[in-house]
Amino acid sequence: MRVSGIADTPSQGFSWLKHNPLPWLIILLLTSTVVLPLFSLLGKSVENHDGDFIGLSNFITYFQSEGLVNSIAHSLLMGVVVTALVITLAFTYAYCLTHTKVPGKSLFRFLAMLPLLAPSLLPAIALVYLFGNQGIFKSWLFGETIYGPIGIIIGSVFWIFPHAFMIIYTALRQSDSRLYESARSLKASPIRTFFSVTIPNAKYGLISAALVSFTLVITDFGVPKVIGGQYNMLATDIYKQVVGQQNFQMGAVVSVVLLLPVILSFMTERYVQRRQTASVSSQSKPLEPKRHWPTDLKALMLLLPILGSVLLIIGMAVYGSFITYWPYNLDLSLNNYQFDLMDGGGWEAYYNSLQMAFWVALLGTSIVWVNAFLCEKTTMPALAVQIIKAVALVPMAVPGMVLGLSYIFFFNSPDNPLNSIYGTMMILVVCTVVHFYTVSHLTLMTALKQLDPELDRAAVSLKIGPVKRFFTLTSPLCLPAIADVFVYFFINAMTTVSAVVFLYSSKTMLASVAVMNMDDAGDLAPAAAMAVLIMVTCLGVKVVHWLFSGPLLRRLQPWRVS
């Protein structure tokens, strides 16, 4: 029997919301920050410089340009090569951590996540120190240059590795130990067990990781901007068309072209995720590997080179940031951290990033949490719920460069009543929240679905009102997930470049953009210093989160840690 006022499904629960304007205000908010800017982008792609409709002429011009079309081939080639390398390395790393008793698993897992805390510009800068014209290991390239596809591949593999690793690690951790016991009882060889049990179990995770990696490669702006040289890719072409040539119409065309493979990849990834959920049985038993020293040592020998490569790139960036004048004066100093003496925005850029990251985390988490609660725990009209859920998924399929450019067209229009936020910190906050909205929304929706409806029924029996239940029951129980989303927003706001590179002004310069500007100005060491400062800041936030999340989880959700 359903208790009045409790939501078993989105169509049940707080009946007072049925005629409340709040759902429609949310839809209006999401539409004006997600959907309408994208329509502005599409409209701009079929206009000339005077704003007249010209059909597909811009697209015809684009595909008649050999250089621009080459960017498509370059992006797809880099996407395939980097994805193949990343999946191989990430699967090896995740397999060793999940299927062996190698010592120091937690440390290996933590250190593999470090690239997530740095802007994608950092590995590109480190590669210049390692393999550039005056790099330590320049001779290792046998006459080839790091400025081009080689640099893009290495830098992208470094930056995307933790993304793929997390997905594959999660898939492998869900391996059912009963299948391995059956394989042993049938005397199957380790190789046959690997191909008949391990790979099939992890196939959806592998496919998802491959699609996510491919999308990140072709949409990334930081790595090809710093170390791509003359090897054009779609993301850098958008920047060149808009900033270099002030050709906004062609920038919109390239953005639409970039959207197509990303949307296809996104739709395929969502389909694969649904299949992955359906393949997990409630009767599954997690795999607990047994100690076998020869196997564990082999795993250690595989893990160390991969982790060593990650640490080498981070270490080189840190070392380079303290070098007085590379490579002629290798004395250590803090001169490169005197950002006010360099081009790029100075220390104010760093403070602006802190300010923006805080507001993105605070407002983003609040908005996502309220929206997720309304979708999952109230009786909003089904149409409103479906619209909110559908719009919430859109940002995941939109690259940051495309989103930033669409914001120019939409918010810079004098006819837009929201025009006043253009060029302010507010538009940076809004754009960044939207850019990282989807993952946060899915995270909190999952957290809400995991709550037992009996808790709400018990609260109703005690005559606790819906608003009070929101603040005293649901929010406290989901506080660990809310904290995760807060940190996710903060870190991504500190490291993002692509979503904000078109939107900052002289008063709202950001640290990640300052890294790019200092690199353009030839100040490589200060650029490395700012990138390292961003990484250290994110690491500090992550450590604080780690220190508090454990006790918080044990207090609020003891059944998860018992």
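Of all the numbered requirements in (1) open to solvent by less than 10 Å² (accessible area, probe 1.4 Å); (2) assigned to a helix (DSSP H, G or I), Pro119 misses one, and that requirement is (2).
Looking at Leu85, is it under 19 Å from His163 (Cβ atoms), open to solvent by less than 50 Å² (accessible area, probe 1.4 Å) and in contact (Cβ under 8 Å) with a residue 24 or more places away in the chain? It would help to see each step written out before you state the result.
Values: under 19 Å from His163 (Cβ atoms): yes; open to solvent by less than 50 Å² (accessible area, probe 1.4 Å): no; in contact (Cβ under 8 Å) with a residue 24 or more places away in the chain: yes.
When the stated conditions are applied, Leu85 does not pass them.
Pairs meeting the criteria (first residue in the range 485-507 and in contact (Cβ under 8 Å) with a residue 40 or more places away in the chain and over 18 Å from Phe411 (Cβ atoms), second residue surrounded by 24 or more Cβ atoms within 10 Å (Cβ to Cβ) and of a type in the set (Val, Ile, Thr), beta carbons under 6 Å, at least 6 apart or on different chains) are Phe489/Val360; Ala493/Val360; Ala493/Thr432; Met494/Ile534.
Conditions tested, residue by residue: (1) open to solvent by 20 Å² or more (accessible area, probe 1.4 Å); (2) among the aliphatic types (A, V, I, L, M); (3) in contact with a Phe, Trp or Tyr (Cβ under 6 Å, 6 or more places away or on another chain); (4) modelled with pLDDT of 90 or more.
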position: Ser461; (1), (2), (3), (4): yes, no, no, no
position: Phe470; (1), (2), (3), (4): yes, no, no, no
position: Val485; (1), (2), (3), (4): no, yes, no, yes
position: Ile491; (1), (2), (3), (4): no, yes, no, yes
position: Thr496; (1), (2), (3), (4): no, no, no, yes
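All conditions but one from (1) in contact (Cβ under 8 Å) with a residue 60 or more places away in the chain; (2) closer than 27 Å to Lys298 by Cα; (3) open to solvent by 40 Å² or more (accessible area, probe 1.4 Å); (4) not acidic (Asp, Glu) apply to Gln134; the one that does not is (2). The set of residues in the range 122-153 being farther than 19 Å from Met535 by Cβ, among the hydroxyl-bearing types (Ser, Thr, Tyr) and in a helix (DSSP H, G or I) consists of Ser139 alone. Gly67 meets the conditions (1) of a type in the set (Gly, Ala, Ser); (2) more than 30 Å from Asn201 (Cβ to Cβ); (3) crowded, with 22+ Cβ neighbours inside 10 Å; (4) out of contact with any Gly (no Cβ under 6 Å at 6 or more places or on another chain) in every case but one. The failed one is (3). Across the range 181-219, the qualifying residues are those that are open to solvent by less than 40 Å² (accessible area, probe 1.4 Å) and within 19 Å of Lys285 (Cα to Cα), and the one among them that is farthest from the chain's Cα centre (by Cα) is Ala183. For the range 415-427, a residue qualifies if it is touching a helix residue (DSSP H, G or I) at 6+ places or on another chain (Cβ under 8 Å), aliphatic (A, V, I, L, M) and either open to solvent by 20 Å² or more (accessible area, probe 1.4 Å) or more than 14 Å from Pro37 (Cα to Cα) (or both), and the qualifying residues are Leu418, Ile421, Met425.
The values are calculated or read from the model by the stated rules, or taken from the named source; none is laboratory data. Predicted, not measured: the structure shown is a model, and the values here were computed from it. Here Cβ is always computed from backbone atoms with ideal geometry, including for glycine, and neighbour counts include all displayed protein chains. We work out accessible area using only protein heavy atoms, side chains counted, and drop any ligands, DNA or RNA first. Shrake-Rupley method; radii C 1.70, N 1.55, O 1.52, S 1.80 Å.
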